[in-house]
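The values are calculated or read from the model by the stated rules, or taken from the named source; none is laboratory data. It should be emphasised that the depicted structure is a prediction, and the values quoted were computed from it without experimental measurement. Neighbour counts are summed over all protein chains in view; Cβ atoms, including those assigned to glycine, are modelled from backbone coordinates with ideal geometry. With ligands, DNA and RNA removed, areas are computed over all heavy atoms of the protein, side chains included. Shrake-Rupley method; radii C 1.70, N 1.55, O 1.52, S 1.80 Å.
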Amino acid sequence: MTISDAILNQHPDLDDQQLSVIGHHTGPALVLAGPGSGKTASICLRAVNLLLQGRATPRNMLLCTFTRAAALEMRQRLIAGAQAAGYSGDLANLRVTTIHSLCHQVLSNLGTTVAMKTPDRVINAVEQLEFLRNNFDVIFASDTDALVDHGWSDPERIVNGARRFFDRIADELIDPQELIDSGKPFRVALGQCNQRYLRLLHQKGLIDFAGLQTNVQRLLDNPGMVAHYGGVIRHLLVDEYQDTNRAQQHILSRLAETHGNICVVGDEDQLIYAFRGANPYGFDEFRRQFPDASTFELAGNYRSHRDVVAVCNTWIGSFNWSNPDPGQMPFRQPKYIEPRANHAEDNHPGVLTVVGVDRGDEAVWLADLLSRLKDQNFIGSYDEVAVLLPSVKSRYGDVYADALRCSNIPVYRDRIQDPFGEVGGPGDNTPHRTSRRSHPAGHVLLTTIHQAKGREWPVVCTAGLHLADLRPSELDVQLGPHLPRPPAYSSSRAAELDLGRQYYVAFSRAQRLLILSAARNPHKIFRPAWCGAVPREDVDQRLLSGPGKFVAEDTRPSSSAVSNAQHIVVPASSTLVLRANIPGPPDLVLHSRQLRRTSPPAG
């Protein structure tokens, strides 16, 4: 292991595990990186070290990640690190790209070489839906009865459902003919519709994101094409490898054939895009494909309080990851992350629980706790808080947004966006509209767990933990028999393990405080996480309090009661505190069940 003195001097706090990754020079490498472990910084410094050591030039180095925002950030960090370390080479040819953009480049550069008709344009997800709607009769008409019998009762459901299946079929490298040969009416219809869809795209000179991958995968099956395109590449570095699907893994491994210098970085515990085809056993396949790969583990967590780290370890370890199939590896390699953040040992509880008698009550208590954290200076602004939900649609998110506003807490709801919804130009090196908008200053962010991936906040609330969706997805049930997955990885097993990974990501977003929130009691699957937390009502409030700001009585603020003329409307199952305008204890405390409901005066 050789590391440039410039890197060592500029980064004296690098730990031994990070140094091992940075100093690795040749051959395949697998980096298993826990949350908050500095994995992106490590892979960027590894690239800088290769440049400084003269083992690579910008032109023959390729770095891949998943979103254009992440690719731009990685490129900026790499260039800044190289310049700070005194690298004098020309960085203009440095290639940092998304995998979709890489596929676009390969197809554009090599398609003419093999007399292959290359598409005129790549269509995004919105355009894909519009294409399906505009060509409904051609694609679906002859199979509509089978699709309706499946439960897709109108054209819009058919279009939306088919789009999800078409993408997953491509991601998993499933031949549509396999579905037709299954003899199952719905799968037969799906395979036939998919074939017509692909033919029509080809006729019109269009291609979708999933088609980009499958076309490049087939193109690179030709050894000559690999040598032609991959010959200039000497080092391939891939971030967020857990998010890759089978087609992408095939492409990356083919591009590494000529040199063998592929370094993949990721965390199988943070694989939350299985519903989009991310391969949950991709790391095992990498080990089988590159048996001599060096394996590194980044286990230090430089993000979170010790209690948050402990809950993350307990939670992910509470699932059954064993694989009963003979000779098969478990579905997760044991990993234990260690708290190393400067604030990891701060003298306050790092995980609290909030419980209400129903969802509305849960939301009001949660708003009350956040209001107190602000009043007592535990947080300086509400934009230091994120509330994470499986979905922010009205039926999930309204109750929390309304409770926050009733407590005079500004809230911004992060609408669903597609982080993979753009393909940039070569290298993704130009400024662009990112897929993740920043929310307004001073607002609590209400967002989904999937949108939260790759982000962090001082305070994170995971709400609604009385519910746990353990239903296998329609995609898994229908396509499961056509996936090359171990028999023990059934659809129901996959649903449970997917939920485990999803909330592992959610919990690990918290820096100082994680709040677990539920109506009634938490679902039984969340009990391992719940057991390591302190109930809100039991916490020593002085540990979260600034001097003289915290009101010790465990009562809800009167802002949860709304004045209406001469009447006061109190939310169900809540507490009303009436105070005189003088110091001292409350004059009167009433619970809503003690109050007689009255109607406001007419007009």
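Regarding P324, is this residue in a loop (DSSP other than H, G, I, E, B), more than 26 Å from H439 (Cβ to Cβ) and more than 27 Å from the chain's Cα centre (by Cα)? In short, yes.
Here's the yes/no breakdown for (1) at pLDDT below 95; (2) among the basic types (K, R); (3) open to solvent by less than 40 Å² (accessible area, probe 1.4 Å):
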residue	(1), (2), (3)
T2	yes, no, no
D16	no, no, no
L30	no, no, yes
G36	no, no, yes
T40	yes, no, yes
N60	yes, no, yes
A71	yes, no, yes
A80	yes, no, no
A92	yes, no, no
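Against the conditions (1) more than 21 Å from A529 (Cβ to Cβ); (2) charged (D, E, K, R); (3) in a loop (DSSP other than H, G, I, E, B), R395 satisfies every one except (3).
Taking residues in region 189-202 that are under 13 Å from F136 (Cα atoms), and partners anywhere that are at pLDDT 95 or above and surrounded by fewer than 19 Cβ atoms within 10 Å (Cβ to Cβ), the pairs with Cβ atoms closer than 7 Å and at least 6 places apart or on different chains are R196/V138; L200/N135; L200/V138.
Being in contact with a Leu (Cβ under 7 Å, 6 or more places away or on another chain) and farther than 30 Å from D5 by Cα is a property that holds for H104.
Give me a count of the residues in region 174-188 that are β-branched (V, I, T) and within 18 Å of R246 (Cβ to Cβ). Number of matching residues: 1.
A single member of P334, P291 is open to solvent by 20 Å² or more (accessible area, probe 1.4 Å), part of a loop (DSSP other than H, G, I, E, B) and either modelled with pLDDT under 90 or within 24 Å of Q18 (Cβ to Cβ) (or both), and it is P334.
Could you tell me whether region 125-148 includes any residue that is among the charged types (D, E, K, R), under 22 Å from L479 (Cβ atoms), open to solvent by 20 Å² or more (accessible area, probe 1.4 Å) and outside any helix (DSSP H, G or I)? No, there is no match, as no residue in region 125-148 is among the charged types (D, E, K, R), under 22 Å from L479 (Cβ atoms), open to solvent by 20 Å² or more (accessible area, probe 1.4 Å) and outside any helix (DSSP H, G or I).
Note on region 157-189: residues that are open to solvent by less than 40 Å² (accessible area, probe 1.4 Å), part of a helix (DSSP H, G or I) and in contact with a His (Cβ under 9 Å, 6 or more places away or on another chain) total 6. When every residue of region 176-186 is checked against the conditions, none turns out to be touching a Ser or Thr at 6+ places or on another chain (Cβ under 9 Å) and β-branched (V, I, T).
No other residue among L370, L388 is part of a helix (DSSP H, G or I) and open to solvent by less than 40 Å² (accessible area, probe 1.4 Å) apart from L370. Residue pairs whose Cβ atoms lie under 7 Å apart, sitting 6 or more positions apart in sequence or on different chains, and linking a residue in region 32-53 that is more than 23 Å from F507 (Cβ to Cβ) to a partner that is charged (D, E, K, R) and assigned to a loop (DSSP other than H, G, I, E, B), are I43/D239. The numbered conditions (1) more than 21 Å from S42 (Cβ to Cβ); (2) in a helix (DSSP H, G or I); (3) out of contact with any strand residue (DSSP E or B) (no Cβ under 7 Å at 6 or more places or on another chain) are all true for I272 except (2). Can V216 be described as in contact with a Cys (Cβ under 7 Å, 6 or more places away or on another chain) and modelled with pLDDT under 90? Yes, satisfied. Of L237, L252, all but one fail to be open to solvent by less than 10 Å² (accessible area, probe 1.4 Å), within 15 Å of T97 (Cβ to Cβ), part of a strand (DSSP E or B) and touching a residue at least 60 places away in the same chain (Cβ under 8 Å); the exception is L237. Can you say whether D361 is more than 23 Å from V31 (Cβ to Cβ) and assigned to a loop (DSSP other than H, G, I, E, B), as far as the supplied structure shows? No: the conditions fail for D361. Within region 343-360, the set of residues being farther than 22 Å from L465 by Cβ, open to solvent by 50 Å² or more (accessible area, probe 1.4 Å) and not acidic (D, E) comprises just one member, N347.
Residues satisfying the criterion are present in region 184-193 (criterion: touching a Phe, Trp or Tyr at 6+ places or on another chain (Cβ under 6 Å) and within 23 Å of F275 (Cβ to Cβ)). What's the total number of residues in region 135-163 that are more than 22 Å from Q203 (Cβ to Cβ) and within 30 Å of the chain's Cα centre (by Cα)? Summing the residues that are more than 22 Å from Q203 (Cβ to Cβ) and within 30 Å of the chain's Cα centre (by Cα) in region 135-163 gives 6.
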